[in-house]
1. Given the condition assigned to a helix (DSSP H, G or I), touching a residue at least 24 places away in the same chain (Cβ under 8 Å) and either aliphatic (A, V, I, L, M) or not assigned by TED's automatic domain parsing to the domain that holds Asn465 (or both), answer yes or no: does some residue in region 180-201 qualify?
2. Restricting to region 437-448, name every residue that is free of Cβ contacts under 8 Å to residues at least 12 places away in the same chain and either closer than 18 Å to Arg290 by Cα or more than 25 Å from the chain's Cα centre (by Cα) (or both).
3. Please count how many residues of region 182-217 are at pLDDT 95 or above and hydroxyl-bearing (Ser, Thr, Tyr).
4. Exactly one condition in (1) of a type outside the set (Asp, Glu); (2) within 11 Å of the chain's Cα centre (by Cα); (3) at pLDDT below 95; (4) under 27 Å from Leu352 (Cα atoms) is false for Ser178; which is it?
5. List the residue pairs whose Cβ atoms are under 7 Å apart, where the first residue sits in region 459-472 and is within 15 Å of Leu448 (Cα to Cα), the second is surrounded by 10 or more Cβ atoms within 10 Å (Cβ to Cβ) and charged (D, E, K, R), and the two are 6 or more positions apart or on different chains.
6. In region 405-490, which helices (runs of 4 or more DSSP H) lie fully inside it and hold 1 or more residues that are β-branched (Val, Ile, Thr)?
7. Cβ-Cβ distance below 6 Å, separation of 6 or more or different chains: which pairs start in region 159-175 with a residue that is of a type in the set (Gly, Ala, Ser) and end on one that is buried (at least 16 other Cβ atoms within 10 Å of the Cβ)?
8. Given the conditions (1) at pLDDT 95 or above; (2) closer than 27 Å to Asn264 by Cα, which single one is not true for Ser386?
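The values are calculated or read from the model by the stated rules, or taken from the named source; none is laboratory data. Just so it is clear, the model here is predicted, and its values are computed rather than measured. Methodologically, a virtual Cβ is constructed for each residue, glycine included, from the backbone with ideal geometry; neighbour enumeration extends over all protein chains shown.
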Amino acid sequence: MAVHLPGCTALRVRGLFGLATCQLLRRMEMESRLFVSPLQTPGGPVEDGKALALAAAAFSSSSSSSSLSVSVAEDANVERPLIRRVPSAASSSGSRRRRASIDLSSASRRPSFRQEVERAAAETYLVTRLAFTLLRYLGVGYRWITKFIALGCYALLLMPGFLQVGYYYFFSSQVRRSVVYGEQPRNRLDLYLPVNTDGLKPAVAFVTGGAWIIGYKAWGALLGRRLAERGVIVACIDYRNFPQGTIGDMVKDASQGISFVCNNIASYGGDPNRSLLFRYFLSFHSVLYRIYLIGQSAGAHIAACALLDQAIGESGEGESISWSVSQIKAYFGISGGYNMLNLVDHFHRRGLYRSIFLSIMEGEQSLQRFSPEAMVQGSRVRHAVSLLPRVILFHGTSDYSIPSDASKTFADALQNAGAQAELVLYEGKTHTDLFLQDPFRGGKDELLEDIIAVVHADDAAALANDGAAPAARRLVPECMLQLASKISPF
């Protein structure tokens, strides 16, 4: 089919190669007379790399790994960056003006002190208001008060590890914080990028836990760091917590975050030294990337709900879709609960009172709707279950927050429905051992190794590198880890 693009005068080209050729011609034109100012959003500069794509094409053929190709920026559903024309002049003066404009645009990407203060004040007000709303739900109860005190002591004992991970989170050049993926208040995600950007990288969309109340994207910093060190791109998805949102809002946010990863991960995983033609091809084929979905604790439940809802949508029984289950190669559920009908009383005894939990779940009548285990047993979604990717559930046998039977019964239900499901149990591990204490301990991390073995299963070179990878260093003394395990509220 013949294609005619604006900017390519009297040129008719055919197919993919023609489109890329046309983009090259436009790029040469831009280099001589255009510069791009960054795209701004109410929350600050867009960090997902789209607004920087035109600048990358205009000023350098070897952009950073977070840059997009020209075609991605033009085809993405975002506001176009502002483009100014530089008056023609001598090449030396033009170069000086171009360098000055780049410096100015770089400076404009940094929010002013006033903007930072206003943003901090707005977030402080929001958190305070939500805290008081939550306290009205909690009332005065000894269970949640004792759990809250135990949580504070637990965090203090693990503070040496939290401080080191926090330093990495805020100051590492490999972390892209608060990338906007939607329009809701907490529609942000953090990206953890490998140091080595050669070749295509597998990607993980990670939904963190937090009892549906205290979840936050930064909780995934430790796992994000460890996976990025093994050459995996990690996107930690934030979502609205209760009382800012209920389970339906959380599932919707998570699904939108997964959609962003599926549709935009090519922007961050391509080799910057590849040709424009190759990057142009990748911009329309993110399916080439190996994308995995991980959820932990409450995040495992939310991610499972989002995945099943997506499969139901694709089977023709739901709403329109923005990503495909086929883009997810495997789902990992870590210490999750998948049948809310069976967990209401258990959570009540653990301090998450029945009235609060039912409010989170949008009432008792919605418990089955948000119980993936119960949903897959229904004949109505039998075809949707067949669309699910490989499911691998991890759980510790000494988990008292969510018993390991929750993963066992879900795996059985999936297998009976015809899905590919596996269960991996870790003897003697608690709810937080797999996610916090073991990584803080350093050395070999069983959970990490099991995830990496699946992610790199089709990459012999990556598996060889994993075998030669140095052991992770210890972040917290053993005595503090042992004491933290004894007083952990989880």
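1. No, the conditions are met nowhere in region 180-201.
2. If we filter region 437-448 for residues that are free of Cβ contacts under 8 Å to residues at least 12 places away in the same chain, which is where we start, we get 438.
If the condition is that a residue be free of Cβ contacts under 8 Å to residues at least 12 places away in the same chain and either closer than 18 Å to Arg290 by Cα or more than 25 Å from the chain's Cα centre (by Cα) (or both), then no residue fits.
3. 2
4. Ser178 satisfies all of (1) of a type outside the set (Asp, Glu); (2) within 11 Å of the chain's Cα centre (by Cα); (3) at pLDDT below 95; (4) under 27 Å from Leu352 (Cα atoms) except (4).
5. Final answer for the pair search is Asp466/Arg230; Ala469/Arg230; Ala471/Lys444; Ala472/Arg226; Ala472/Asp445.
6. Qualifying helices (runs of 4 or more DSSP H): 405-416, 446-455, 478-487.
7. Qualifying pairs under 6 Å: Gly161/Phe440; Gly161/Leu475; Gly161/Val476.
8. (1)
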